[in-house]
Structure formats: C-alpha cells, structure tokens
1. Can you work out which of the residues in segment 48-74 that are over 17 Å from G125 (Cβ atoms) and touching a residue at least 60 places away in the same chain (Cβ under 8 Å) is nearest to the chain's Cα centre (by Cα)?
2. For E143, state whether it is at pLDDT below 95 and either farther than 21 Å from Y172 by Cβ or not hydroxyl-bearing (S, T, Y) (or both).
3. Any chance you could count how many residues in segment 99-139 are free of Cβ contacts under 8 Å to residues at least 12 places away in the same chain and either closer than 23 Å to G204 by Cβ or in contact with a strand residue (DSSP E or B) (Cβ under 6 Å, 6 or more places away or on another chain) (or both)?
4. Please specify each residue of segment 207-241 satisfying the condition of being hydroxyl-bearing (S, T, Y), within 18 Å of the chain's Cα centre (by Cα) and at pLDDT 90 or above.
5. With the condition kept exactly as written, say whether any residue in segment 264-280 is surrounded by 12 or more Cβ atoms within 10 Å (Cβ to Cβ) and of a type in the set (S, T, N, Q).
6. Going through segment 384-402 one residue at a time, which ones are out of contact with any strand residue (DSSP E or B) (no Cβ under 7 Å at 6 or more places or on another chain) and more than 19 Å from Y206 (Cα to Cα)?
7. Which pairs do you get when a residue that is more than 29 Å from G342 (Cβ to Cβ), found in segment 216-232, comes within reach of a residue that is surrounded by 13 or more Cβ atoms within 10 Å (Cβ to Cβ) and charged (D, E, K, R), reach meaning Cβ atoms under 8 angstrom, with the pair 6+ apart or on two chains?
Amino acid sequence: MPALNSILNSIFGSSNERKLKKYKDQVHAINELEEKYEKFSDEELKDKTFEFKELLKDKTKIEDITNDAFAIVREAAKRTLGQRHYDVQILGGLVLNKGNITEMKTGEGKTLVATLPAYLNALTGKGVHVITVNEYLAKRDAEWMGQIYNFLGMTVGTVTSELNEDDKKAAYQADITYGTNNEFGFDYLRDNMKYNVDQLSQRGHYFAIVDEVDSILIDEARTPLIISGQVEDKTELYNKINRVIPKIEDNHYEIDEKSKNVMLSDEGNDFLDKILPGLGLMKDNSSVYDMENVNLIHHINQALKAHKIFNKDTDYLVKDNQVIIIDEFTGRMMEGRRFSDGLHQALEAKERVAIQPENRTMASITFQNYFRLYEKLSGMTGTASTEAEEFMDIYNLDVIAIPSNISISRKDLDDEIYRTSLEKYDAILDSIVNANKKRTTCFSRYNQY
C-alpha cells in the first residue's frame, strides 16, 4: 500500500498539493493586478474600499472582488509597513478566506496573512473577529496591522478585560476586532444575561480567524467559560447541620469509597426524622422523604462527606482562615478553586473557619460550542496536520499546509516515543550531557583566542 500511495502521489501529487493547486491560478491573477494598483494614489486606494462595500450591497458576491481586495491590501502593506505579501502569504490568505486552517511554519508571517481575509470579509459590514491567545498579542497585532486597515478606511477595535461596557461595544462595532478567545467567550455569556438588545456588546458571529487554532479549538476546546453569582447566605444552616453530624452513628450511613460518596441508610433517615424537628431544621410531623426537605438532606449528605471522607492535610488544608483544595494528582494547593454543591461550605463549617457564600452558575459555554456559532471559521497555526481529522469532524475545517517562502534549514524531527518513563528520563539526561559537552568544546575554542 505505501508503494501504491507513492506512485499515485508522483502522478497526481499529494492530497495537500491537489488542494493548493486550485488556488495557484488565483495567486497569479492577484500578482497581475499589482502593477495596476501601484499607480493608484493613497486616496484612490481608500476609495476602493467604499466601492467594494457598495458592490456587495448590490448583491455582488465576495468571490468576485477577492483578487482586487487582496491586491489592494498588499499595496497598502507596502506603503504603511514596508512589507509586501509573498505569494505563499497570498496563498495562505485565500485558504483562510474559504474557511480552512492554514498551516504555516513559524516565522512565515501569519499575522500579515490574516490581513487579507480580514479586510475582504470586513467589507460585508458584518464584522470580523481576529482571535489571539493573549492580550499582549491582541493589542500588538491590532496596532501593527491596524495601519493597513486604517490606510484603507477601515476601523479597528481591540477587546481587553479592562474595558468598560461602552468601550467594548465600540470595539465590536469596528470593522475588524482583535481580542483573546477568553474575552470573546465571556462577552458572549455576558450578552446572554442582558435584558435589552440595545445593551449587547457583540453584534453577531460572521467570520473569525483564530491564531494558534490547535491550542484554542482542540487543546482547550472543552474548557468551560463560567459566569457565576452568589446565592443567599446559608451560614447558619451549615453550622446547624455541622452540629448534627457528631450525633450520627456508623450504622446510619454507608460509604462508597470508589465514588467518594456517602448515603444515609434507612436507620439514618429514621434517626434524622426524630432529631431534626427539635433542632429547628425540620417541621414537626415532617419526614426526610418529603419534597420540601430534599435540599436539607442534600446538605446533610455533603456535611457527612466532609466529615467522613475528606481528610485535612490530605484532600484539603486550612491556611489563612480558608479551606484550600489539594490537587489529588500533584499535591499542589489549588487556591481560588472551590468544591461545588455546598461541599466547600460543609468543610468550612467542619474546620470552623469563615463560611463563604455558595456560587451558582449563571451562564456557561465551552470554546468548542462558542466558535461553532460563527458562519465562517478559519484558523492559523504551525502545527495542525496531526489534528486534521478532529478539525474536520468537530468544526468541518480542512487543514491545508502552505509551503515556506524559502527552504527552511531547521530540521523539524518527529517526536521520540519511549516505552517507560525511566527510558524517557535516561534519554533526556543523555541529551543534557551531550549538550554540555558541545558547550565545553565551544568555550575551549573561544578561550584559545
């Protein structure tokens, strides 16, 4: 089979080469327009933006103006940044515009590539979102590439965490908006909690270009973005229940070690029926089986779990009057993280520290579900081929590798896989020893001079 694939590739080219072939004629057509637009004045180039917008309003398809738009962005980049898009960058821009993932080697200029489809799709007036992995890059790229957009009469916005509602709304109203995946996702959740359409910050999800797309859409795909709010203060309830737990005997509950859970036995429920009314936690002649007491029994179960399963200095520790979770895998403190469903409050009552109010999830979404809201989605990265199948299955995104502008001398070797951790660590140590030997040789030569 490998031999057959080799023969077919030699005749028809690889799958990636066949995908690129359909774009190469278009790159040539864009190149032919370069001489034409070099003769345009700055004002004439800017006027083309308004002309394109009018054409799209008159039902002209975006495909019909792609070549001219790309040629104009290239000319604007030359005049503002002193940078000219290489043919492979034009190729990458065409791939992005079709809603695909552009795989380009590090240093090939993906930031400049994004200006081509961003400008073209912003002409529709629906807004384009360029997503980066941190706020520094969002600010840098918006300011840097914004010179091209501003030159052509486009507006650019940057969404950052410190902006107030009015400033964010203005940023989203821009033709092209830069920001992080976290900020775009949280702004979407905040918009869904508003009562009036006029209060919304985002104005839709038309076209997005995601930088480091493998990190955001695959590695962090199922990371939930959560907005939570405090519920009513139940400090007294937790303290009262905490005083009940010492009265409960071993035959009143059963422990499931595997799931780390506690369940009241029939004897336990009968016992609670007798003592809870006297403690003011349940009405007289009421039962733990009544619907009105479901929430109460839930908190008693959580308190039992806190006392009978969770151990101090193993599952959690007390520091500065706070209960801090200990990660069961790493043993590290997880400050800022809290157990849910009242368990953390039960632990605080057990340890007699300040009980923090319970939080309730108000809105939540994963990156995977958020980015699937966009009508057209594209992405850039240096490493996407290994996740090509996942991109297609989850997002219907095709991964297309763009050749480098010039041959790369760097060797991108395959990963080395070891059977055991010990073999891996031995290999790492060997690599360190060899590196040190080379360093010693280097310094000995330097000292000769």
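The values are calculated or read from the model by the stated rules, or taken from the named source; none is laboratory data. Treat the numbers as computed from the prediction; the structure is a model and nothing was measured. We place every Cβ from the backbone using ideal geometry, glycine too, and count neighbours over all the protein chains shown.
1. Here the answer is V73.
2. Spelling it out, it is not the case that E143 is at pLDDT below 95 and either farther than 21 Å from Y172 by Cβ or not hydroxyl-bearing (S, T, Y) (or both).
3. Final tally of qualifying residues: 0.
4. If the condition is that a residue be hydroxyl-bearing (S, T, Y), within 18 Å of the chain's Cα centre (by Cα) and at pLDDT 90 or above, then S215 is the only one that fits.
5. yes
6. Across segment 384-402, the qualifying residues are T386, E387, E389, E390, M392, D393.
7. Every condition considered, the pairs that remain are I218/E387; I218/E390.
One line per residue, one yes/no per condition, for (1) farther than 16 Å from A208 by Cα; (2) part of a loop (DSSP other than H, G, I, E, B):
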{"position": "I72", "(1), (2)": "yes, no"}
{"position": "G82", "(1), (2)": "yes, yes"}
{"position": "L112", "(1), (2)": "no, no"}
{"position": "L116", "(1), (2)": "no, no"}
{"position": "Y119", "(1), (2)": "no, no"}
{"position": "K126", "(1), (2)": "no, yes"}
{"position": "N150", "(1), (2)": "yes, no"}
{"position": "G153", "(1), (2)": "yes, yes"}
{"position": "S161", "(1), (2)": "yes, yes"}
